[in-house]
């Protein structure tokens, strides 16, 4: 109750003070305005929850017009408090869809009841509006996701189909080297599909509020080293490097992390570093132990990210403006950020066009 802010717009000072006194006894925060301009000024500076509006106020603008603008500009519920109860005034007031109408002279009970009903109704309507907006967003997300999935699956599936057709043909002898290239292309396509499916599964957990952090003892250094070795096997054109600096405050090697979240975070960032370094080169994962946190940095010397793209980089379906024909869904980094947050960590990026990119993930360890 102490955080409910009510604005009384009333040009009769004695009446305004009496209303304020009654509402303050109920625990509300109350401000006064004697004109439309004063009401607009307070609404612009204060997070209001309700406006009690006299229909007849001083100035060029009457209370009904002022209430209409307060509703449209600040989405505020209005309760009219007025001595005018004639049919014409009531019809004019009803057209603005107020949350209540109290006729002067009023008693304490009628005023408090009108205020409580108006606040409850507005809260209920706000909840419904948020639910509807959320439903619209989810519908749009599913539609865009289905479009991207159907598009992104075509290329890897075509690569697998082509490889299988080629390997099945008896009339075209394949040299061992070419056979290996075909198989490697098919494996890469399978990895692309697996990553896309992982993104969809994690995104569904995020949207359902089911993405959780399950901490288990993990040898983080060994985990990172094995992950880098796995990537090196399938990307011979790149040089993957793993480095460790610093050391935890204790001699033990096992600290508690969520292996699933970590695997997705690092797999996505390493995959991006490789994918956006089409000319090959070095990709480095650096593990930095600090007294209370551990930092994971992924460096590459690829195409980089334009400064104008940095602010939207972690939003769904957003990609760098310079990616060209390099495939991608625009979902990976937004999911990585959710995984990092779920692990109670932070993620940052430093990048420049044609120089390279560094993603920095900082996590607490236990």
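Quick check: convex hull over the Cα atoms of the chain, volume per residue in Å³, rounded to an integer?
Values: hull volume 75.6 nm³, N = 366.
Enclosed volume per residue, from the Cα hull, is 207 Å³.
When the helix-only estimate is applied to the chain (DSSP H runs of n ≥ 4, each -39,500 (n - 2.57), divided by the residue count), what is the mean residue ellipticity at 222 nm, nearest 500 deg cm²/dmol?
Values: 9 runs with 179 residues, N = 366.
My calculation for the chain gives -17000 deg cm²/dmol from helical runs alone.
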Highest to lowest packing among 20-32, 318-330, scored as the average C-beta count within 10 Å: 20-32, 318-330
Take every Cα pair under 8 Å in the chain that's 6+ residues apart, average their separations, divide by the length, and report that relative contact order as a whole percent. 10 percent
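What shape does region 75-124 have by the C-alpha gyration tensor, where a ≥ b ≥ c are the square roots of the eigenvalues, rounded means a/c under 1.5, and otherwise prolate means a/b greater than b/c and oblate the rest? Write down the numbers at each step before the final one.
On the way: a/c = 3.00, a/b = 1.17, b/c = 2.56.
Oblate, because a/c is 1.5 or more while a/b does not exceed b/c.
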I'd like the distance separating the alpha-carbon centroids of region 182-225 and region 350-366, in whole Å. 19 Å
If I take every Cα pair under 8 Å that is 6 or more residues apart in region 1-158, average their sequence separation and divide by the length, what percent do I get for the relative contact order? 17 percent
For 79, 103, order by how many other beta-carbon atoms lie within 10 Å, fewest first: 103, 79
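A short reminder: the numbers here are calculations on the coordinates, not readings from a lab. Predicted, not measured: the structure shown is a model, and the values here were computed from it. Every residue, glycine among them, receives a Cβ derived from its backbone with ideal geometry; neighbour counts consider all protein chains shown.
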